[in-house]
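K.L.:
To start, I am sharing the structure in question, which I have written as structure tokens.
Bear in mind these aren't lab numbers, they're just calculated from the coordinates by the rules spelled out. A quick note: this is a predicted structure, and the numbers were derived from the prediction, not measured. We place every Cβ from the backbone using ideal geometry, glycine too, and count neighbours over all the protein chains shown.
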Amino acid sequence: MATTEQKRDYYEVLGVDRSATRDQIKQAYRKLALQHHPDRNKAPDATAKFREIAEAYAVLSDDTKRREYDATGHAGVSQRWSADDLMRDFQFGDFFGGRFGDLFGTFGDVFGRRISRDQGMARGADLRYDLELTLEEAARGGDRLIQITRSEKCRDCKGSGAKAGTNPVSCPDCGGTGQKQHVQTGKGVRMVTLTSCAKCHGRGLFIEIPCPLCQGHGVEFTPHSLKAQIPPGVDDGMVVRLAGQGEPTVSGATSGDLLIRIHLRPHRSFQRQGDDLYTAVSISFAEAALGTKTSVPCLDGEAVKAAVPPGTQSGTALRLSGKGMPRLGGKGKGNLFMIVEVRTPTDLTPRQRELLEELAKLEAKRSQ
Ligand SMILES: [Zn+2]
Ligand SMILES: [Zn+2]
């Protein structure tokens, strides 16, 4: 970690006054973030700039963190929150169409790997949950009841991990701090690495006689149900993050997050590509030649009338705008493309055969 004195003032980074309102801060961030987003800005320092802007915003947009920063500056903030914790409740995706992919793709790269859970203050582990949705459910979004198994303080030892009637003792290896500090100095940068004490697993306490129910872990696993809000328009592979709904910790450090990965079931009549949907519509040979109006079923169960122009070839995609999937972030809907399939007539009646033969003769004459 570089010394905090090298950091620029967060207000200066965002170009706002110290008395700026939340909205002014948000606007300044949005403008700068779009300008320096590494997806758009190919300058070599764009990523570093973007990181600086995002960090400044993460702190100034959070009342508690902003107060701490106003009072104590960078030093106070970095003492209280790790770089990871500064960013954790912060929705970067909001300004980029709300795509969760941004949060876990591009932004994951920008901020580098999250600090390993085993280092420093052991934050609770993230939990993963796989949620399977139909295409209709993904389009609707809304609340889903999720069942997870999460650890809780052990009933017998109340989380201490020590056999009832005994108490954990201060860890002899780390003197009860739970951490071991390694300091390296080089090239004017002071590197401080904190690692969890191996003997007490960062708890600062050592258990002589472990609790038989939890084997000294202090936790037992219990089922929980919780409500997750699924935004309309989620796609396969996206991750919805519920902050603080992961594993709690015995030490009282921040709980982990619950990461809900979306899996979409294939649909019988719609294919999805981004916000667009594709569906096949079958029309007769005569309708394709003369043009027609056909009814197209949409994903929401309603049907819309669509005009098929005269002379439409089989395989043509006709666009029905605004009838696709909802765009994440609530900005309208994608398109529905109907793929026209022309049915070649079979089982002809004598009269149909007569007409088609006559048509064939006319066509043969025209092509002479
Ligand atoms: Zn126990
Ligand atoms: Zn220890």
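K.L.:
If the cut-off is a Cα-Cα distance under 26 Å, which lysines reach K187, setting aside same-chain residues fewer than 8 apart in sequence?
P.N.:
Cross-link targets: K7, K49.
K.L.:
Same structure, new question: So, counting K/R as plus one and D/E as minus one, what does the shell of residues with Cβ under 13 Å around G176 add up to?
P.N.:
Details: positive: K180, K199, R203; negative: D173.
My count for the surroundings of G176 gives +2.
K.L.:
Taking segment 226-291, which trypsin sites (Lys or Arg not before Pro) meet the DSSP loop condition and have no more than 11 other C-beta atoms within 10 Å? Could you put the intermediate results ahead of the total?
P.N.:
Values: sites: K227, R241, R261, R268, R272; in loops: R268.
Filter output for segment 226-291: R268.
K.L.:
Quick check on segment 271-366: of the DSSP beta bridges with both residues there, what percent are antiparallel, nearest 5%?
P.N.:
The antiparallel fraction comes to roughly 65 percent.
K.L.:
Next up: Considering only the chain, what is the antiparallel percent among its DSSP beta bridges, to the nearest 5? Numbers along the way, then the final one.
P.N.:
Values: 42 of 57 bridges.
Expressed as a percentage, antiparallel bridges in the chain total about 75.
K.L.:
Roughly speaking, what is the stretch gain from E358 to R22, that is 0.36 nm per residue apart minus the C-alpha to C-alpha distance, in nm to one decimal?
P.N.:
113.3 nm
K.L.:
Work out how much length S367 to T316 would gain on full extension: take 0.36 nm times their residue separation and subtract the Cα-Cα distance, in nm to one decimal.
P.N.:
Gain on extension, S367 to T316, equals 15.9 nm.
K.L.:
I've got another one for you. At 1.002 mPa s and 20 °C, plugging the Kirkwood radius over alpha-carbon pairs of the chain into Stokes-Einstein gives what diffusion coefficient in µm²/s?
P.N.:
Numbers: Rh = 25.8 Å.
Stokes-Einstein gives a translational diffusion coefficient of 83 µm²/s.
K.L.:
If a/c stays under 1.5 just call it rounded; otherwise compare a/b with b/c (prolate if a/b is bigger, oblate if not). Do that for segment 179-253, with a ≥ b ≥ c from the square roots of the Cα gyration tensor eigenvalues.
P.N.:
Note, shape of segment 179-253 comes out oblate.
K.L.:
Over all directions, average the projected area of the Cα convex hull of segment 157-220 and note it in nm².
P.N.:
With the hull built on Cα positions only, its mean projection is 4.9 nm².
K.L.:
Same structure, new question: For segment 252-325, what is the convex hull (Cα atoms) projected area averaged across all directions, in square nanometres?
P.N.:
Result: a mean projected hull area of 7.2 nm².
K.L.:
Please work out how much length the chain gains when fully extended from T177 to Q229, using 0.36 nm per residue of separation minus the C-alpha to C-alpha distance, in nm with one decimal. Don't jump to the answer; show the numbers that get you there.
P.N.:
On the way: separation 52, 0.36 × 52 = 18.72 nm, distance 3.88 nm.
Here the answer is 14.8 nm.
K.L.:
Taking other Cβ within 10 Å of each residue's Cβ, how do L60, L320, L34 sort, fewest first?
P.N.:
Numbers: L60 25, L320 17, L34 13.
The fewest-first ordering by Cβ neighbours comes to L34, L320, L60.
K.L.:
Please flag any cysteine in the chain that has no other cysteine's Cβ under 4.7 angstrom from its own Cβ.
P.N.:
For the chain, the answer is C298, because their Cβ atoms have no other cysteine Cβ under 4.7 Å.
K.L.:
Name the longest site-free stretch of the chain, where the excluded sites are GluC sites (Glu not before Pro) in a DSSP loop with no more than 13 other beta-carbon atoms within 10 Å.
P.N.:
The reported range is 1-207.
K.L.:
Check cross-link reach from K365 to the lysines: straight Cα distance under 30 Å, and skip same-chain residues fewer than eight apart.
P.N.:
none
K.L.:
What is the diffusion coefficient of segment 271-366 in µm²/s, taking the Kirkwood radius over Cα pairs and the Stokes-Einstein relation at 25 °C with a viscosity of 0.890 mPa s?
P.N.:
On the way: Rh = 15.2 Å.
It diffuses with D of about 161 µm²/s by this estimate.
K.L.:
Using alpha-carbon pairs under 8 Å, 6+ residues apart, how would you state the relative contact order of the chain in percent?
P.N.:
It comes to 15 percent, rounded to a whole number.
K.L.:
Could I ask something else about it? Hey, what number do you get for the chain at 222 nm if only DSSP H runs of n ≥ 4 count, each worth -39500 (n - 2.57), divided across all residues, to the nearest 500?
P.N.:
Helix-only estimate at 222 nm: -8000 deg cm²/dmol.
K.L.:
Using a Förster distance of 41 Å, how high is the FRET efficiency between T222 and S295, based on the Cβ-Cβ distance and rounded to 0.05?
P.N.:
Working from the Cβ atoms, E equals 0.20.
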